[in-house]
Amino acid sequence: MIHRREIRPLLQHPPTGETVTVMGWVRAWRGNRFMVLGDGSGPETLQIVVNGEDFDEDTIRAIGFHACVGVTGELVASQGSGQSVEVIAKEITVFGGTDLSTYPLQAKSQTMEFLRDNAQFRMRTNTMAAVFRLRHALAFAVNKYFNDRNFYYLHTPIITGNDAEGAGEMFRVTTLDPHDPPRTEEGTVDYGQDFFGKGTHLTVSGQLQAEIGALAMGKVYTFGPTFRAENSHTTRHLSEFWMIEPEIAFADIDNDMDLAEDFLKYLINHCLDNYRADLEFLDERIQQSEKNLKADLRRPMGLIEMLEFTVKDDFARITYTEAIDLIQRSKPYKKKKFEFPVEWGTDLQAEHERWLVEKHFKKPVIVRDYPKDFKAFYMRLNDDNKTVAAMDILFPFIGEMVGGSQREEREDVLRQRMQEMDVHEDALAWYLQLRTFGGCPHAGFGLGFERMVMFVTGMGNIRDVIPFPRAPKSADF
Ligand code: 4AD
Ligand code: MG
């Protein structure tokens, strides 16, 4: 049996004078006498005093950066600044040394790319540990928010035969024998019927199944991995990302927007209230890294200030038509600074979204009532017959954080939309039946979980907020 004290709880009520045993990884050495030990129980570290008289030099030298050790010693008030207590080591056990001549990580800071390629050690860095603690915090808050409000967590499938978004960017699932696959007459591999005789792929969204849940249990949400096969190399897209999708019965687009705004603010507040030390660490890190940038490239405010500002104020709410109008009257539009055209009927591009949020409103913006032509078939047609009751929530630095809509509950209109958009009825007969029998107005949205983690941690690349990113050319771990 191993007995040890965890550093975070130990520091909350330090039993000074007691002999304690702690275990962890060496985060740093201050000179060759002070070892900084962290065990992951929180961002806190404990200073260990290693007196030269008690340990021979070779032992100390063998305990390199990121070595794993157990220390037994006396917990005493610290003489140094920056910590209240420290441990005077009496006994040190080296569980796992690190030979610094071959260890891939060095005490100096590493690039994010390098850390991604060395994911086996990535979480040992202070930055990544803080990011993944906040990721946990957000996941916990998601479940708590919905549980406290009588939503039920519905697990929707990962392998599915339907294409929820109609976007056609899916990963196929196959049971084909790679050495002897069935072939078409032309000799190419026949992927037509590949999941025990049926064409399937990895899910792009759990929404359609969540609608089944909402139309029986009232309020449900999904929270699971989703997959998009777009070959995009941006800092905002992953091939595998986690999505939270609440779906509520007896709700319209206004209920949907209210729920989404309240939910996002709750998630941020949860981190501000419970993970202050991690946020302060990340805030400081951003300020250091932006120190040498020109003023207009720096963030307009610090990380914590930004989070506090976001929860305090109402989000701006405008229609798509108003958004187009604002953008057409903007300076960058008049000076032809936008790469993509802006006219009614075209989708907003990231550059337009960022202008709206960062330059015009300077806070999150909800854009609603988009033209039906570039939105999904299931969104409810508005009375103008041109737009649908869809909404996107746009955030500073992130762009689209949430996409949602009121769903088309009128069977005839839905059928018509499916035909217009070439969505095959056969595969979605069950979806239409939800309207034929016992349907009602309902709505929901999807929050891209990693985009929320990015916003809360201030990380600039989505690959650095998920432990094992899946994106084109990154699937090693
Ligand atoms: O806007 P999307 O595609 O909406 C849906 O999938 C709906 N079925 C949601 C619903 O109404 N239940 O995706 C929702 C959100 C986006 O706003 C974005 O935050 C995130 O998912 N997202 C991605 N995040 C990371 N990588 C990608 N490739 C993403 N694609 C979408
Ligand atoms: Mg979207």
How long is region 1-140 along each principal axis, judged by its Cα atoms, biggest number first, in Å?
42, 39, 35
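Strictly over 31 Å apart at the Cα level, which of Lys363/Lys386; Lys337/Lys363; Lys331/Lys386; Lys337/Lys386; Lys335/Lys362 would you flag in this model? Provide the component values of the computation, followed by the final result.
Numbers: Lys363/Lys386 28 Å; Lys337/Lys363 22 Å; Lys331/Lys386 28 Å; Lys337/Lys386 29 Å; Lys335/Lys362 21 Å.
Beyond 31 Å between Cα atoms: no listed pair.
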Given backbone amide H placed at 1.01 Å from N, residues whose amide H is under 5 Å from that of Val173, ignoring those fewer than 5 places away on the same chain, are Thr200, His201, Leu202
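What does the charge count around Lys386 come to, taking other residues whose C-beta lies under 10 Å from its C-beta (Lys +1, Arg +1, Asp -1, Glu -1)?
Spelling it out: positives minus negatives among the neighbours equals -3.
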Check the straight Cα-Cα distances from Lys336 and name the aspartates and glutamates below 19 Å, setting aside those fewer than 8 residues away within the same chain.
Asp325, Asp347, Glu351, Glu353, Glu358
Calculated from backbone phi, Karplus (6.51, -1.76, 1.60) coupling profile of region 169-183 in Hz, x at Gly/Pro:
10, 10, 8, 6, 9, 10, 10, 5, 6, x, 8, 8, x, x, 10
Please go through region 226-309 and write out the trypsin sites (Lys or Arg not before Pro) that DSSP classes as loop and that have at most 10 other C-beta atoms within 10 Å.
Lys291, Lys294
Would you grab the residues whose amide H sits under 5 Å from the one on Ser41? Only those 5+ places off in sequence or on another chain, please, with H modelled 1.01 Å from N.
Ile7, Arg8
If you rank His270, His179 by fewest surrounding Cβ atoms within 10 Å, what's the result?
His179, His270
Ordered by residue, what ³J(HN,Hα) values in Hz, to whole numbers, does region 211-223 give under the Karplus form 6.51 cos²θ - 1.76 cosθ + 1.60, where θ = phi - 60° and Gly and Pro are x?
5, 4, x, 5, 7, 9, 10, x, 9, 9, 8, 10, 7
Express in % the proportion of alpha carbon pairs of region 126-202 at distances exceeding 16 Å.
69 percent
Most packed first (mean Cβ within 10 Å per residue), the peptides 326-337, 82-93, 446-457 order as 446-457, 82-93, 326-337
If a/c stays under 1.5 just call it rounded; otherwise compare a/b with b/c (prolate if a/b is bigger, oblate if not). Do that for region 294-337, with a ≥ b ≥ c from the square roots of the Cα gyration tensor eigenvalues.
oblate
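Take Val36, Val423, Val357 and order them by how many other Cβ atoms sit within 10 Å, fewest up front.
On the way: Val36 16, Val423 19, Val357 24.
If I rank by nearby Cβ atoms, fewest first, I get Val36, Val423, Val357.
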For region 417-432, 3J(HN,Hα) per residue [Karplus equation, 6.51 cos²θ - 1.76 cosθ + 1.60, θ = phi - 60°, Hz, x = Gly/Pro]:
5, 5, 5, 4, 9, 6, 9, 6, 5, 3, 6, 10, 4, 5, 5, 5
In percent, how large is the relative contact order of region 1-70, given Cα pairs closer than 8 Å and 6 or more residues apart?
33 percent
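Taking only the Cα atoms of the chain, how large is their convex hull per residue, in Å³?
208 Å³
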Residues of type lysines that Lys334 reaches as a straight line, Cα spacing below 19 Å, ignoring anything fewer than 8 places off in the same chain:
Lys359
Relative contact order of the chain, defined on C-alpha pairs under 8 angstrom at six or more residues apart (%):
13 percent
Per 5 Å bin, what percent of the C-alpha pairs of region 309-415 does each bin hold, from zero upward?
2, 13, 22, 23, 17, 12, 7, 3, 1, 0
Decide, for region 96-135, between rounded, prolate and oblate: order the square roots of the alpha carbon gyration tensor eigenvalues as a ≥ b ≥ c, take rounded if a/c falls under 1.5, and otherwise choose prolate if a/b is larger than b/c, else oblate.
prolate
Cα-based Rg (one decimal) and Dmax (whole number) for region 42-91, in Å?
11.6, 32
If Phe445, Phe34 are placed from fewest to most neighbouring beta carbons inside 10 Å, the sequence is Phe34, Phe445
Tell me whether region 155-309 comes out rounded, prolate or oblate; compute the Cα gyration tensor, take square roots of the eigenvalues as a ≥ b ≥ c, and use a/c under 1.5 as the rounded threshold.
oblate
Near Lys198, which lysines are there with a Cα under 29 Å away, not counting those fewer than 8 places off in the same chain?
Lys375, Lys473
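Values in this text are rule-based calculations from the coordinates and carry no lab data. Values in this document were obtained by computation on a predicted structure and should not be read as measured data. Reconstructed Cβ throughout: ideal geometry from the backbone, glycine too, with neighbour counts over all protein chains shown.
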